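The values are calculated or read from the model by the stated rules, or taken from the named source; none is laboratory data. Only a predicted model underlies this, so the values are computations on that prediction, with no experimental measurement involved. No Cβ is skipped: glycine too gets one built from the backbone with ideal geometry, and neighbour counts run over all protein chains shown. Note: areas computed on protein heavy atoms with side chains; ligands, DNA, RNA excluded. Shrake-Rupley method; radii C 1.70, N 1.55, O 1.52, S 1.80 Å.
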Amino acid sequence: SSMAEEKPDIATLVDEAAKAIGLPIAAEYRDKVIVNYQRSLSIAKPLLDLELDDELSPAPVFRP
């Protein structure tokens, strides 16, 4: 895998995502938003890296 895939440009991701959903981020909060995005990615990474079997089926839905 390429270096870009391993370490995304978080600042650009934050800027483009904010633009895409029409969410203005004040300049004084931008650095903190980027840090929190990086933290969220590091927390989610183990789950995103987990390989699931294609044969798995969802659990049944409980209906009272």
Open item on the list: Could you compute how much accessible surface residue 28 exposes when probed at 1.4 Å, giving the result in Å² to the nearest 10?
Closed with: 130 Å²
Task: Label point distance in nm, residue 17-residue 59, each placed 7 Å from Cα along Cα→Cβ - done: 2.7 nm
Task: Magnitude of the charge dipole, the chain, Cβ model with Lys/Arg +1 and Asp/Glu -1, debye to 20 - done: 460 debye
- [ ] Using only protein heavy atoms and a 1.4 Å probe, report how much of residue 15 is accessible, in Å² to the nearest 10.
- [x] 60 Å²
